[in-house]
Amino acid sequence: MNQIETLVRKAEGEVNEASTLKALQEMQVRYLGRHGEFTALLRAIGGLPAEEKPAFGKALNEAKARLENIIEARRAALRKEDETRRHAAEPQDLTMPGRRMRAGLPHVLSQAADRIKAALIGLGFELIETPELELVKYNFTALNYPPDHPAMDDQDTFYVDDDHVMRTHTTPFQGRVFEERRPPFRIFTIGRCFRNEAVDRTHHHTFHQVDAFMVDEGVSMAHLRGTLGAFARAMFGPSVTVRFRPDYFPFVEPGVDFAISCPFCEGEGCVVCKRSGWIELGGAGMVHPDILENYDIDTDRYTGFAFGLGVERIPIMRYRIDDLRLFMENDLRFLEQFQA
Ligand code: PHE
């Protein structure tokens, strides 16, 4: 019994001296392991008189349990010290606010396109997509361009081969629609267009257009004006009015260019409208009867209007952007200014 007490005392002393987890582990093995000193005492039980065995065994077990508790407590304390030391070595300020995750946002042109889509869908137009690499047939021929029209010159157009161009406007979607559908329909498209331009602040080889057209019985210029007015008011506010002036496009007759009263000065004249009170947005007109006839549409019964405009124009005037190249450069310092 005395031996047990002495052993526990000695072990306790060593527990307190163990200054690392490793040292503690080693001393635990020395006392409580298979070849340890407690195990040796346990073996000694065999040589005791039978009546002393139970008391000795009990005392030994209790001493072991006590020692185990002391070792565990010391281990926890050493772990804590370790952690404190590690934290001190790499200081962290737990009160420092977290870093905000970087979230992307739609490109300023996508934002404009989304507003245009919402406005036209609201007017009952259906959105479709047609190819950017377009057949000459749809880009020019089917739209009534005479073979010697200056727009077809390769000075102005990217030809991929004799039959294919990068579309120079979105109007070629008309031919594709006419081949697949019969009136009545109201339909539009929006997307990239390409022209063989020397790039500078006001010219780019890549830009975006919207084109819409409607064919039905009794469609007139009045419907075109009404539709463009509703579209312009949805885009620019309730006080905007639309102005038509005669213009020429091979695929409309009559043809017009259309402008809106300046939404920034209400027509008074300002920097955005260059003091004119008007902002030119695009071209429009009645679908040329020759085109309808080419697609076997009865022109005694059906007429149609069409209009097209540039997408860049809208953020350019809204945000006073003065360099077209910014739209294609993907410079986040520019793009992050336009939170949807
Ligand atoms: N496609 C013409 C352009 O690029 C615009 C337009 C579309 C004109 C529809 C009339 C009708 O300028």
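The values are calculated or read from the model by the stated rules, or taken from the named source; none is laboratory data. In this text, all values refer to a predicted model and were calculated from it rather than measured experimentally. FYI the Cβ positions are ideal-geometry reconstructions off the backbone, even for glycines, and counts take in every protein chain you see. Heads up: the accessible areas ignore ligands, DNA and RNA and are worked out on the full protein's heavy atoms, side chains in. Shrake-Rupley method; radii C 1.70, N 1.55, O 1.52, S 1.80 Å.
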Inter-centroid distance (Cα atoms) of region 293-308 relative to region 124-189, Å: 16
Using alpha carbons only, how many angstrom separate the centre of region 1-51 from the centre of region 226-288? 98
Among the aspartates and glutamates, which have Cα under 16 Å from the Cα of Lys274 when same-chain residues fewer than 8 positions away are ignored? Glu266, Asp322
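Counting only heavy atoms of protein chains, what accessible area per residue, in Å², does region 110-335 have with a probe of 1.4 Å?
48
Quote to one decimal, in nm, the extra length available between Ala76 and Ser220 on full extension: 0.36 nm per residue of separation minus the C-alpha distance between them.
Full-extension gain reported as 43.0 nm.
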Using a Debye calculation, one point per C-alpha and no hydration shell, please list log10 I(q)/I(0) for region 126-251 at q = 0.21 Å⁻¹ in order. -1.33
At 1.4 Å probe size, what's the solvent-accessible area of Leu32? Round to the nearest 10 Å². 30
Using a Förster distance of 45 Å, how high is the FRET efficiency between Arg192 and Arg86, based on the Cβ-Cβ distance and rounded to 0.05? 0.20
Descending packing, highest mean Cβ count within 10 Å first, for 278-285, 185-192, 324-331, 198-205 is 278-285, 185-192, 324-331, 198-205
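Hey, any idea what % of the chain's accessible area is carbon plus sulfur with a 1.4 Å probe?
50
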Would you calculate the volume per residue, in Å³, of the smallest convex hull containing every Cα atom of region 2-89? 72
Just to be sure I follow the rule: in region 16-125, considering lysines 8 or more places apart or on different chains, how many pairs have Cα atoms under 28 Å apart? 4
Using a 1.4 Å probe on heavy atoms of the protein chains only, the accessible area for Lys137 in Å², nearest 10, reads 100
Going 7 Å from the Cα of Glu336 toward and past its Cβ, which residues in region 87-106 have a backbone nitrogen under 20 Å from where you end up? 97-106
By average Cβ neighbour count within 10 Å, what is the ranking of 312-318, 68-74 from highest down? 312-318, 68-74
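Note down the relative contact order for the chain as a percent, whole number, built from C-alpha pairs under 8 angstrom at least six residues apart.
It comes to 14 percent, rounded to a whole number.
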Reduced Cα scattering model of region 187-240, Debye log10 I(q)/I(0), q = 0.25, 0.27 Å⁻¹: -0.96, -1.01
Viscosity 1.567 mPa s, temperature 4 °C: Stokes-Einstein D of region 53-157 from its Kirkwood Cα radius, in µm² per second? 54
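I need the shape label for the chain. Rule: rounded when a/c is under 1.5, else prolate if a/b > b/c, else oblate, with a, b, c from the alpha carbon gyration tensor.
Cα axes put the chain in the prolate bin.
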Per DSSP helix of 4 or more residues, -39500 (n - 2.57); summed, then divided by the residues of the chain. What does that give at 222 nm, rounded to the nearest 500? -12500 deg cm²/dmol
So with the 1.4 Å probe, I'd like the accessible area per residue for region 2-89, rounded to whole Å². 67
Computed about the Cα centre, the charge dipole of the chain from +1 Lys/Arg and -1 Asp/Glu charges at the Cβ has a magnitude in debye, to the nearest 20, of 2440
